[in-house]
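As structure tokens, the structure follows; a few thoughts come after it.
The values are calculated or read from the model by the stated rules, or taken from the named source; none is laboratory data. Keep in mind the model is a prediction, meaning the values are calculated, not measured. Every residue, glycine among them, receives a Cβ derived from its backbone with ideal geometry; neighbour counts consider all protein chains shown.
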Amino acid sequence: MFTGYKLAIYKKFFEKRLAVIQTLLLLLTLLGKITMGISERRLRQKEEVRSNILATAWQIVKEEGWQALSIRKIADAIEYSVPVVYDHFVNKECILLEFAKEGFCLLAKKMQQAKSRHTDPAQQLKAMADAYWNFAFKNKEYYQVMFNLGIPCNEVDDCNCQPEKISFRSLVADPISVILEKNNKQTEDSVCLKTHTFWSVIHGLISIKMMRTSDVSEVLNKMVMDDAIEGFIKNLA
């Protein structure tokens, strides 16, 4: 049997061990927080560098055009080494892809806003056509990279923009489907065909004007687009 003296010794022994364990646990907790804090800071800094690269690239494009954009020029502008830029983007095409995705998202947002102002599907199509037209000419740099208009580089991979393009296409396909169904003309192929036709008419006129291969005034070009969309809608009925 333990005497009172021995019990007191064991008690002190275990109390010391418990204190050591508690101290170790506290240190491990602090170490974990420090490590997590360092990791979060590194991620935040990496994201800041990435955002800075994109912001600088966009500034170069706005001031000098897509033909002036290069990894070297971006690095010089933000005083980073070229390898730092390559740590975030494998090549220039990856930077273009970021802007293309951003452009499709902005375009879809503008078209959604235009569509939501109407309930009649024909009016929705007209409103979205106007929104598309205005977006293209007010955001020329975005539109150029979205559809590779006059950009001296490899074409942006269409597959990598599929989610953004699908969102845009569905906005147009919905009212087309409603009109075709109302007139007993709806099939899966017909909706797909008419959606592509709608885009082709607008994009074709925009491309002609944007690439400066037409001496037709912007006002007349827009009138042609309005007339074409009017005829397109009538053809759906």
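From the set of residues in region 168-190 that are among the polar types (S, T, N, Q) and over 13 Å from Met128 (Cβ atoms), which is modelled with the highest pLDDT? Write out each step before concluding.
At the first step, the residues of region 168-190 found to be among the polar types (S, T, N, Q) are 170, 177, 183-184, 186-187, 190.
From what is left, the residues that are over 13 Å from Met128 (Cβ atoms) are 177, 183-184, 186-187, 190.
Details: Ser177: 92, Asn183: 84, Asn184: 82, Gln186: 73, Thr187: 77, Ser190: 88.
Applying the filter and picking the extreme gives Ser177.
Please enumerate the residues belonging to region 131-149 that are outside any loop (DSSP other than H, G, I, E, B) and surrounded by fewer than 18 Cβ atoms within 10 Å (Cβ to Cβ). Reasoning before the result, please.
So in region 131-149, the residues outside any loop (DSSP other than H, G, I, E, B) come out as 131-138, 140-147.
Passing the criteria: Asn134, Phe137, Lys138, Lys140, Glu141.
From Lys101, Lys109, which residue is part of a helix (DSSP H, G or I) and touching a residue at least 40 places away in the same chain (Cβ under 8 Å)? Steps first, please.
Numbers: Lys109 fails: touching a residue at least 40 places away in the same chain (Cβ under 8 Å).
None of the other options fit; the residue is Lys101.
Within 26 Å of Lys209 (Cα to Cα), among the basic types (Lys, Arg) and within 20 Å of the chain's Cα centre (by Cα): which single residue out of Lys92, Lys101 fits that description?
Working: Lys92 fails: within 26 Å of Lys209 (Cα to Cα).
That would be Lys101, the only listed residue that is within 26 Å of Lys209 (Cα to Cα), among the basic types (Lys, Arg) and within 20 Å of the chain's Cα centre (by Cα).
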